[in-house]
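Below is one structure, written out as structure tokens; comments come after it.
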Amino acid sequence: MTCELRKWNLLDAKDLAAALSNTKVQENLREGLPYPYTEQDGEDYISAMLSADENETFAFAITVDGKAIGSIAVFRQGNIHRQTGELGYYIAEEYWGKGIMTEAVRQICQIVFEKSDIIRIYAEPFAHNMASCRVLEKAGFQYEGTLRSNAVKNSKVIDMRMYSLLKGEL
């Protein structure tokens, strides 16, 4: 199954709401997302991504057969990290384990490295989320270490893992 990345469209809000109104998806994301996630929440997110500075935020819908099944973005960091981007992503549960996310990660890294001066993209999945760690490894990211007790998710202190990909390693 192949995927394509494309700019968001407000009509994607319904698909976005369906994907994020799943506790299994949300348990591996940072806190702050509404649950259940509504179409209005989706429209608000999509509007924010469409109006963001395109040299600071590289945000795309992950699509299969034209349907938005998830989200992927790289967010430029600031100050001394201004040529570094943080990667974030998710897809709807029914598309897990099909190689789609690995392909989406490869695609966005290629886009960001080709269209910007970013030289390093990193991701910090929860250490227990081995599927996400595996996606990054298959996409060519290097494991840099474990960030011990680095987050509090659902009132539980958890470790995160640091992965990075440098321009030229793709």
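The values are calculated or read from the model by the stated rules, or taken from the named source; none is laboratory data. Model, not experiment: these values are computed from the prediction. Here the Cβ is made from the backbone with ideal geometry for all residues, glycine too, and neighbour counts use every protein chain on show. What goes into the accessible areas is simple: the full protein's heavy atoms, side chains included, and nothing from ligands, DNA or RNA. Shrake-Rupley method; radii C 1.70, N 1.55, O 1.52, S 1.80 Å.
Place +1 on the Cβ of every Lys and Arg and -1 on the Cβ of every Asp and Glu in the chain, take the dipole about the Cα centre, and give the residue among Leu5, Thr146, Ser71 whose Cα lies farthest towards its positive end. In the chain, that residue is Thr146.
Summary of the geometry: the stretch 156-170 and the stretch 46-110, compared by the centres of their Cα atoms, lie 15 Å apart.
Using a ≥ b ≥ c from the Cα gyration tensor of the stretch 1-75 (square roots of the eigenvalues), is it rounded, prolate or oblate, where a/c under 1.5 gives rounded and otherwise the larger of a/b and b/c decides, a/b for prolate? Rounded, because the longest to shortest axis ratio a/c is under 1.5. Computed over protein heavy atoms with a 1.4 angstrom probe, the accessible surface ordering of Lys115, Lys153, Lys67, largest first, is Lys115, Lys67, Lys153. For Ser116, the solvent-accessible surface computed with a 1.4 Å probe is close to 20 Å², ligands and nucleic acids excluded. Surface analysis of the chain yields an accessible area of 53 Å² per residue, using protein heavy atoms and a 1.4 Å probe. Normalised by the number of residues in the chain, the mean separation of alpha-carbon contacts (under 8 Å, six or more apart) gives a relative contact order of 20 percent.
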